[in-house]
Amino acid sequence: MDKGQAELRKFARQRGADLLGIASLDRFAELKPEKHPCSIFPEAKSVIVLGRRITRGTLRGVEEGTHFQAYDLFGYNWLDNRFVALTTFEVVEFLEDNGWEAVPLPALPPQIPPLGVPVRKGQPAPNVLLDLQDAAVRAGLGEIGYCGVLLTPQFGPRQRLQIILTDAELEPDPLFEGLLCDRCLECVKSCPLGAMSTEGEKAINICGRQMVVASIDFNKCRNCRNGARPNAYHPAGEPDRLAALCLRSCLDHLERTAKLTTAFQQAFRKRPVWAVDETGRRVQVPEEEN
Ligand code: SF4
Ligand code: SF4
């Protein structure tokens, strides 16, 4: 690169990136062609995962049960489609201004089925879709918590991510070696629909890091009225749970146990938890005196 990697980071930060991790391609070696970055850009040398925070106040109205639209716009819809996309696009421009090709990848869910046929022998069918959370771990941004969602040391579960593939050979970031998820099970216990369970939990291994994830019935999450939203891109994708009770409980736990580097003057959860069933009727939160 004409300009150094430090300048790339500085530029991304100035354009709003709260998170930026870089993975080299060897960290994706075991992935199938259907999920591999080089199926999209065979000359890629680096995978950049960048993200912006969901501001904590964006979750406030959901936590209080009084206002959901702020999250709909500033945490869910615009944050990804406008704010993160703009940061991604400007970093792509920065790379291409320096002579490197850069492929921006939106946060499409990897559950979307193939949309065509392979156009060359030995090539996977379109669309090849990367798993964002998986890529974020490979890029050193954090770990997958028991809740099944990426947790970062800065923000816990509250961020949105996108990916850039580039033929610029960048120095990879170290893998995250901390431990955020302490298996407190607050995410499991707080779910009013019983969608998360320790039975059937599965172990995942990304770049040698072992993580255990609860079994999650996403069909229940699709009917959840406790802050969950449909997948923003495709009905086959996992529903968006970042504002749902399970993950707000996780955020509160991570903050209370001082696991995160971002600190606030007041606790996130200040009042008894509210919960409704799939019909919208108010219910008792399991193991909470509400
Ligand atoms: S999204 Fe709703 S149903 Fe799904 S785990 Fe979270 S609280 Fe439970
Ligand atoms: S609530 Fe507890 S068990 Fe669940 S992901 Fe967060 S830290 Fe892990």
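How high is the relative contact order of the stretch 43-144, given as a whole-number percent (alpha carbon pairs under 8 Å, six or more residues apart)?
21 percent
With a 10 Å radius around each residue's Cβ, average the other Cβ atoms per peptide and rank 181-193, 244-256, highest first. If you can, show how the numbers build up before the last one.
On the way: 181-193: 20.2, 244-256: 23.5.
Order by mean packing, descending: 244-256, 181-193.
Explain nothing, just the number: relative contact order of the chain, from Cα pairs under 8 Å at least 6 residues apart, as a whole percent.
Taking the mean separation of contacting Cα pairs over the length of the chain, I get 20 percent.
Please list, or write none, the lysines whose alpha carbon is within less than 19 Å of the alpha carbon of Lys270, excluding same-chain residues fewer than 8 places away.
By straight Cα distance, Lys270 reaches Lys189, Lys259.
Note down the nm distance, to one decimal, between modelled labels 7 Å out along Cα→Cβ at Lys10 and at Lys270.
4.0 nm
Give me the lysines in straight-line cross-link reach of Lys10: C-alpha distance below 23 Å, same-chain residues under 8 apart excluded.
Lys10 reaches Lys45.
Using the alpha-carbon centroid of each, what span in Å lies between the stretch 215-263 and the stretch 161-201?
Here the two parts' Cα centres lie 12 Å apart.
Give me the number: length gained by fully extending Ala125 to Glu278, i.e. 0.36 nm times residue separation minus the C-alpha to C-alpha distance, one decimal in nm.
Separation in residues times 0.36 nm, less the Cα-Cα distance, equals 51.4 nm.
Distance between the C-alpha centers of the stretch 13-55 and the stretch 78-114? Whole Å please.
10 Å
Taking +1 at the Cβ of each Lys and Arg and -1 at the Cβ of each Asp and Glu, which of Val62, Ala136, Pro106 sits farthest along the dipole of the chain towards its positive end, judged by Cα position relative to the Cα centre?
The one lying farthest along the dipole's positive direction is Val62.
Going by average Cβ neighbours within 10 Å, how do the peptides 79-86, 257-264 rank, with the highest at the top? Before the final figure, lay out each step's value.
On the way: 79-86: 17.5, 257-264: 11.9.
Going by the mean number of other Cβ atoms within 10 Å, highest first, we get 79-86, 257-264.
Taken together, the values in this text are just the output of simple stated rules run on the coordinates, not laboratory data. Bear in mind the structure is a predicted one, so any value in this text is a computation, not a measurement. Every residue, glycine as well, gets a Cβ built from its backbone with ideal geometry; the counts of neighbours run over all protein chains shown.
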